[in-house]
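*Asks:* Input: one structure, supplied below.
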Amino acid sequence: MNDFADQWLGLRGIDDTTPDDKLYPEYTKDELLKPSSVRETQAFFRAMLEGNLGVKHFVDSPWAFVNAPLAKHYGIPGISGVELRKVDLPESSPYRGLWTQSAVMKVTANGTGTSPVKRGVWVAERLLGTPIPPPPPNVNPIEPDIRGAKTLREQLALHSSGGTCAACHAKFDPYGFALESFDVTGAFRKNYRVPDPEAAALPPQQRKGRALWREGLPVDSSGKTPGGEVFAGIAELRKMLAADPEALAKGLVRHLMIYSTGAPVSVVDQPAVARIAKAAATEGHGVRSLVHAVVQSETFRSK
């Protein structure tokens, strides 16, 4: 089970990057936070499977598994110890659901900054099962402050201004913009962190614990889904995605088939994926029901 979750969600890449200790000292100094975040996501998926809970919990769950390091990271009071325990989350919590957990946010970022493109592609492919083709070979990666743009949103707008690029980016960039509410460690933010050269220039004895970062530009997490629905931020997008559990079920079924057969899901397999997701509505699109349906499918037996 953990093996599937790690492959599906990309958790095997948890050690691929190390957050900048000058920008995120609270993460790098807590040795328990990173391994706890992986165990959190694994425990969350295990609870979904064992309880046959509906896939809408992937994006909007009223509970989470935390210990003291995670609770501090998420701003949840009253939690002590290193053992994970299930806690209720308020409706206003930005951390409701698997997709905004610390481990997921870390593996979809690098050590210094976040990428709406990378996170948007992750949501489209991993959660919604929408394959995103690689960029054309003649498309250059985004360079900082291209053509005088000041924000990442402006940079992406310039980068994807061409007709082909714009059409493709519209399929995933909005999801990534919503997830800009979380930094490279998965902590909720309203502003980006940037290096503070004045603090860095001070001798250690004069710095006296002063942070080496300062708040930069505000985060704009608004957008418009590929279906044309406008959202102001992560909370509104969460409700939109949770309202369409069949799309989330398709995403899970797709990855269950890839994992169980060892083969990619082809165009020929898409009708089977859709049938399984649609039929699971009678059981609330429960995760265990979807696993059983995949194993019982002709696609699984014939591959």
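The values are calculated or read from the model by the stated rules, or taken from the named source; none is laboratory data. These numbers were taken from a predicted model, which means no experiment stands behind them. Glycine also receives a Cβ, built like all others from the backbone with ideal geometry; neighbour counts cover every protein chain displayed. SASA here: full protein model, heavy atoms, side chains in, ligands and nucleic acids out. Shrake-Rupley method; radii C 1.70, N 1.55, O 1.52, S 1.80 Å.
*Asks:* Name the helices (runs of 4 or more DSSP H) wholly inside segment 257-303 in which the number of residues that are open to solvent by less than 30 Å² (accessible area, probe 1.4 Å) and not polar (S, T, N, Q) is 1 or more.
*Replies:* Hits in segment 257-303: 270-279, 287-296.
*Asks:* If you scan segment 1-48, which residues turn out to be part of a helix (DSSP H, G or I), open to solvent by less than 40 Å² (accessible area, probe 1.4 Å) and either over 21 Å from A124 (Cα atoms) or in contact with a Pro (Cβ under 9 Å, 6 or more places away or on another chain) (or both)?
*Replies:* P25, Y27, L33, S36, S37, V38, E40, A43, A47 - these are the residues of segment 1-48 that are part of a helix (DSSP H, G or I), open to solvent by less than 40 Å² (accessible area, probe 1.4 Å) and either over 21 Å from A124 (Cα atoms) or in contact with a Pro (Cβ under 9 Å, 6 or more places away or on another chain) (or both).
*Asks:* Another one. Select from segment 53-66 the residues that are in contact with a Ser or Thr (Cβ under 9 Å, 6 or more places away or on another chain) and in contact (Cβ under 8 Å) with a residue 60 or more places away in the chain and write down the one among them that is nearest to R126 (Cα to Cα).
*Replies:* Selected residue: V59.
*Asks:* Within segment 228-251, does at least one residue satisfy the condition of being touching a Pro at 6+ places or on another chain (Cβ under 9 Å), open to solvent by 20 Å² or more (accessible area, probe 1.4 Å) and modelled with pLDDT under 95?
*Replies:* There is no residue in segment 228-251 that is touching a Pro at 6+ places or on another chain (Cβ under 9 Å), open to solvent by 20 Å² or more (accessible area, probe 1.4 Å) and modelled with pLDDT under 95.
*Asks:* Another question about this same structure. I'd like the residue in segment 200-214 that is charged (D, E, K, R) and either farther than 17 Å from D20 by Cα or open to solvent by less than 80 Å² (accessible area, probe 1.4 Å) (or both) and, out of all such residues, is modelled with the highest pLDDT.
*Replies:* Of everything passing the filter in segment 200-214, R207 is modelled with the highest pLDDT.
*Asks:* Taking into account only those residues within segment 67-90 that are loosely packed, with under 15 Cβ neighbours inside 10 Å and free of Cβ contacts under 8 Å to residues at least 24 places away in the same chain, which is nearest to F182 (Cα to Cα)?
*Replies:* It comes out as P90.
*Asks:* Here is a follow-up. Please go through segment 178-199 and pick out each residue that is modelled with pLDDT of 95 or more and more than 18 Å from S93 (Cα to Cα).
*Replies:* Passing the criteria: only V184.
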